[in-house]
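Just below is one structure, and these are the notes that go with it.
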């Protein structure tokens with residue numbers, strides 16, 4: 001299992017209209033989760049897709065197995081994707097050519113965010129959340145190194161009152177493009193437990209200090225868990241859709 005992320009620049013102030021385009025009632029799902037090469041052989045599968053938006057940025061997160069290069073080809077052939085692209089066009093920050101399969105595949109390649117860190121603890125679909133942070137452009141490699149040098153929990157989880165896990169973090173991904181850094185979190189449980197886990201984990205201060213030189217707007221590390229939680233909630237992007245393998249056609 002792996003994550004990929006695609007970014008779109010949109011005009012701010014149209015979150016509700018864009019959410020309506022991708023609602024369950026309006027968006028035509030993929031015909032199949034199977035990814036194929038040019039000869040029709042199976043080279044992977046989609047496991048989940050989710051769409052997030054905040055201000056001028058929209059992000060599509062894709063969870064998949066197999067050949068990432070096949071994702072653009074697969075999506076370019078989906079009628080529902082092209083219908084959504086036409087409806088989305090008035091809300092984009094800049095026009096783009098996605099009417100043809102080749103145009104869409106080129107746009108897909110150009111819009112891919114650089115994956116600088118990824119960790120999969122359990123390989124199965126679950127809830128997805130995305131946090132967005134503004135960074136100084138040109139430091140994707142350094143941001144990735146900052147995360148790779150952190151000592152992490154073997155199995156990130158939070159116990160409930162009965163001692164059983166109330167939260168399980170199943171996977172994380174970190175992506176950078178231009179001035180945007182997004183953190184993908186895949187989890188089982190309540191999202192607020194994700195926030196509290198991140199606010200109180202021992203390595204939080206170390207992570208924030210290592211990231212500080214690359215953050216925009218003279219960012220300084222949060223002084224305490226409460227300040228971290230405030231920033232966490234402000235960074236949380238609105239999820240406007242999520243489809244998992246359970247809601248995609250079988251083949």
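Since every read-out is calculated from the coordinates, none of them should be taken as a lab result. The structure presented is a predicted model; accordingly, all values stated were derived computationally and were not measured. For neighbour counting, all protein chains shown are included, and Cβ atoms are generated from backbone atoms with ideal geometry for every residue, glycine included.
Peptides 200-211, 104-115, 45-56 ranked from most to least packed, by the mean per-residue count of other Cβ atoms within 10 Å: 45-56, 104-115, 200-211. When Rg and Dmax are taken over the Cα atoms of the range 1-119, they come to 14.0, 43 Å. Listing 188, 42 from fewest to most neighbouring C-beta atoms within 10 Å gives 42, 188.
What angle do you read, to the nearest 10 degrees and between 0 and 90, between the alpha-carbon axis of helix 191-200 and the longest principal axis of the chain? Orientation of helix 191-200: about 40 degrees from the principal axis.
As a rough footprinting exposure proxy, the listed residues 95, 241 were ranked by other beta carbons within 10 Å of their own, and the order from fewest upward is 95, 241.
Full extension of the chain segment joining residue 39 with residue 231 gains 64.4 nm, where the gain is 0.36 nm per residue of separation less the Cα-Cα distance.
From the Kirkwood radius over Cα pairs of the chain, Stokes-Einstein at 25 °C and 0.890 mPa s returns a whole-number translational diffusion coefficient of 129 µm²/s. A Förster distance of 25 Å, applied to the separation of the beta-carbon atoms of residue 31 and residue 106, puts the FRET efficiency at 0.70. Seen against the Cα atoms of the chain and their longest principal axis, helix 101-111 is set at about 10 degrees.
State the Cα centre-to-centre distance between the range 181-197 and the range 1-45 in whole Å. Their Cα centres are 22 Å away from one another. Dividing the summed helix terms, -39500 (n - 2.57) for each DSSP H run of n ≥ 4, by the number of residues in the chain produces a 222 nm estimate of -8500 deg cm²/dmol to the nearest 500. Ordered by the count of other Cβ atoms within 10 Å of each Cβ, fewest first, 60, 134 give 134, 60. Axis of helix 225-235 versus longest Cα principal axis of the chain: the two differ by about 10°, to the nearest ten degrees. Divided by 2.2 N^0.38 Å, where N counts the residues, the Cα radius of gyration of the range 117-238 comes to 1.04.
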